[in-house]
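Inspection log for the structure reproduced underneath, given as structure tokens.
Throughout, read-outs are computed from the coordinates displayed, never taken from laboratory work. Everything numeric here is computed off the predicted structure, so don't read it as measured data. Every residue, glycine among them, receives a Cβ derived from its backbone with ideal geometry; neighbour counts consider all protein chains shown.
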Amino acid sequence: MSDSHAAEFDLLLRGHVRPLYRYAYRWTGDVDAAEDLVQETLTRLYPDMPKLREIEQLRPWVARVMYRIFVDWLRREKRSPVMSAGRSGSTGEFLEDEEEDAEASDGSWNPEELTERAFERERIEAAWVHLHKQHRVVLSLHEIEGYSLEEVAHIIEVPLGTAKSRLNRARNRLRELLTEGTNSPAPTCKPSETS
């Protein structure tokens with residue numbers, strides 16, 4: 001394709017790359033895998049430039065394409081005898097939303113509130129990596145990105161009832177993980193009595 005096609009592709013999708021990366025990171029929990037998922041999505045979309053021009057709401061459509069690729073990856077991963085290795089999602093840098101950056105910069109929050117929010121975010125991030133990948137997908141699309149249940153069902157290509165039940169199971173599992181984290185005993189420095 002020509003340079004004009006590349007420039008048009010860049011213009012059409014530039015505003016969607018960062019949100020796509022957020023979705024991919026939340027789905028995979030891994031920085032490298034998220035980058036690979038977005039790159040593969042964009043690579044597959046590039047030849048479909050004429051189709052992209054006609055799509056009215058591009059982001060949900062592109063998210064659906066990326067979700068299909070993600071599901072293909074999961075299927076291949078299950079069949080593969082090789083275990084994948086990469087940077088852990090818990091050690092990768094977490095992306096901040098622009099709104100949160102703007103709120104934090106106004107200086108109106110007190111240190112206790114900021115500390116409490118940081119601890120809460122750490123708890124959620126720690127629980128997030130233990131969620132099933134399908135649960136991460138529905139929670140991130142609905143609760144974090146703000147898609148309606150109908151849009152989530154369309155993106156992940158399931159009936160509305162299935163999307164609702166997945167979201168309910170995901171919320172319940174996250175709640176369980178957060179409760180377990182708060183109810184687990186704190187580690188001690190005392191040597192065990194059995195040694």
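Among the GluC sites (Glu not before Pro) found in the range 137-183, those both in a DSSP coil and sparsely packed, with 16 or fewer other Cβ atoms within 10 Å of their Cβ, are 157.
Would you work out if the range 138-184 is rounded, prolate or oblate? Take a ≥ b ≥ c from the square roots of the eigenvalues of the alpha-carbon gyration tensor; rounded if a/c is under 1.5, else prolate when a/b is larger than b/c, oblate otherwise. Prolate.
P(r) tail, the range 1-79: Cα-Cα pairs separated by more than 19 Å, 35% of all pairs. Protection proxy ranking, highest mean first, for peptides 23-31, 53-61, 124-132: 23-31, 124-132, 53-61, where packing is the per-residue count of other beta-carbon atoms within 10 Å, averaged. Taking the Cβ of residue 137 as the centre, find all other residues whose Cβ is under 9 Å away and add up their charges (Lys, Arg: +1; Asp, Glu: -1). Result for the local shell: +4. With R₀ fixed at 25 Å, the C-beta to C-beta distance from residue 143 to residue 68 puts the FRET efficiency at about 0.70.
For residue 150 and residue 165, the difference between the fully extended length at 0.36 nm per residue and the C-alpha to C-alpha distance is 4.1 nm. Name all residues of the range 122-138 having a backbone nitrogen under 15 Å from the label point set 7 Å from the Cα of residue 176 along its Cα→Cβ direction, giving them as ranges. The answer is 127-136, whose backbone nitrogens lie closer than 15 Å to the label point. Counting 0.36 nm for each residue step from residue 76 to residue 49 and taking away their Cα separation leaves a gain of 7.0 nm.
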